[in-house]
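Trainee: Could you have a look at this structure, given as structure tokens, before my questions?
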Amino acid sequence: MPHFAAMGVRNFFSTLRVVRHYDHVGGDLVPDASVLLDVPDDVRLAAAVVSARGGDWRPAAAVLAANRSGPDWDARGEQAAALAAAAIEDDAWLREWLREQPGDPDALLVRATCAVEAAWRAHGWAGTAPRAPGDGSAEHFARFLELLEAAEPALKRACAANPPDPNPWCLRLRHAVGTGASRAEFDRLWFEAVSRARHHAGAHAAALLYLSARWHGSHDEMFAFAERGAAGASERSPLALLPLQAELEFAVSGTGGPRAWRRPQALEATDRLLALLPPRGPALLADPWPARNLLACLLTRQERYEEALDQFRAIGGHATRYPWAYFGEPRAAFLSARDDTRMFLAAQIPLLRPPGG
């Protein structure tokens, strides 16, 4: 049953329409209990995460060792992130791994990822910084900086342990966003990352944030970077998300007000990504879940609810921390947006039409 206070429908008859039709709009969506955050598609990785939570680090070591030399550096970064999320909950397994193999580059990558991610989570829900330095309490930001400072030794060790790997350098870019590194230092870190993997999605996402007006750049600089990155992307590359990621960052900055979500550039970026993510066909991106979640988020805020509902159907239970973490606890924000989509669509159905008709 919908939460009427959240739906913004004040008209009495609209409320009656929601009550009558809600269960039949999106009734084929997976139930709330089946929605999970950032569940890996890779069966071996998913099993390794379960084993790690049970205290066994060896499956995690096997997964990362198989990709230690690339060439899919984006996948390696995602593997490390999934395992780091388990370590943030309980790192006993990771500490045991490092005791037994203190110089293991895979263990050191997970440790560095864990350290940076824990800092961002202390600053806010998102692993991609929903709040800029002026947002939130001074105590929050001081704790954030303290954790970033504590992460520096782990980052340096991870970089030294596996020199060809761009992922530790991507982590250092995220670290530079939070610490306010100079442009010269950012440029140095950017070169180190992209000289190892020119189209690395994690490096581009961190750079986009650094170049945003909310952090250390400007709207113009951020949008230009996003368009360049997307234009140079290979087929099926997640860099196709960059223009819409930039629109999200612009909208949440508050600069354009509520209309920012529906400005022509945002609508055009949404349509471009929509063409790569047909709701009833195969996605034209290698990893569709973050892209579909981003698309569903923007479609709901643009009040394109029919299209949003199609994307929620395609997502199923595959919610992702990004972008929902910009709006509170990520899973709750995903479910709220999905619920609001159903309510607004139900409110448009004539009251006397038979439910489901």
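Trainee: So what are the ³J(HN,Hα) numbers for the stretch 102-111, from phi and the Karplus equation (6.51, -1.76, 1.60; θ = phi - 60°), rounded to whole Hz, Gly and Pro as x?
Mentor: Using θ = phi - 60°, the values come out as x, x, 5, x, 6, 4, 5, 5, 5, 4 Hz.
Trainee: So, one more: Give the residue list of GluC sites (Glu not before Pro) in the stretch 250-357 that are DSSP loop and have at most 16 other beta-carbon atoms within 10 angstrom. Walk me through the numbers before you get to the answer.
Mentor: Details: sites: Glu268, Glu303, Glu306, Glu307; in loops: Glu303.
Of the GluC sites (Glu not before Pro), the ones in loops of the stretch 250-357 whose Cβ has at most 16 other Cβ atoms within 10 Å are Glu303.
Trainee: Counting only C-alpha contacts under 8 Å and six or more residues apart, can you give the relative contact order of the chain as a whole percent?
Mentor: Relative CO of the chain lands at 22 percent.
Trainee: Hey, another quick one. Put +1 on the Cβ of each Lys and Arg and -1 on the Cβ of each Asp and Glu in the chain; which of Ser51, Leu94, Ile315 then has its Cα farthest toward the positive end of the dipole?
Mentor: Ile315
Trainee: Where does the charge balance sit around Asn167 when Lys and Arg score +1, Asp and Glu -1, over other residues with C-beta under 12 Å from its C-beta?
Mentor: Working: positive: Arg68, Arg76, Arg172, Arg174, Arg196; negative: Asp72, Asp74, Glu78, Asp106, Asp165, Glu192.
Surrounding charge for Asn167 is -1.
Trainee: Taking neighbour counts of Cβ atoms within 10 Å as a proxy for exposure, in what order, fewest first, do Leu36, Leu83, Leu274 appear?
Mentor: Working: Leu36 10, Leu83 29, Leu274 18.
Listed from fewest to most nearby Cβ atoms, that is Leu36, Leu274, Leu83.
Trainee: State to the nearest 20 debye the size of the charge dipole of the chain about its Cα centre, where the only charges are +1 on K and R beta carbons and -1 on D and E beta carbons. List each step's numbers first, then the result.
Mentor: Details: 39 positive and 43 negative charges, 121 e Å.
The calculation lands at about 580 debye.
Trainee: From the backbone phi of the stretch 237-243, what are the Karplus-calculated ³J(HN,Hα) couplings (6.51 cos²θ - 1.76 cosθ + 1.60, θ = phi - 60°) in whole Hz, Gly and Pro given as x?
Mentor: With the stated coefficients, the stretch 237-243 comes to 6, x, 5, 4, 6, 3, x Hz.
Trainee: Could I ask something else about it? Helix-only estimate, please: 222 nm mean residue ellipticity of the chain, summing -39500 (n - 2.57) across DSSP H runs of length 4 or more and dividing by its residues, to the nearest 500. Mind dumping the intermediate values first?
Mentor: Working: 18 runs with 221 residues, N = 357.
The helix contribution divided over the chain gives -19500 deg cm²/dmol.
Trainee: Dividing the alpha-carbon Rg of the stretch 43-217 by 2.2 N^0.38 Å yields what? Show your work: numbers first, answer last.
Mentor: On the way: Rg = 15.5 Å, N = 175, 2.2 N^0.38 = 15.7 Å.
Dividing the Cα radius of gyration by 2.2 N^0.38 Å gives 0.99.
Bear in mind that the values in this text are calculations on the coordinates, not laboratory data. Values in this document were obtained by computation on a predicted structure and should not be read as measured data. Here Cβ is always computed from backbone atoms with ideal geometry, including for glycine, and neighbour counts include all displayed protein chains.
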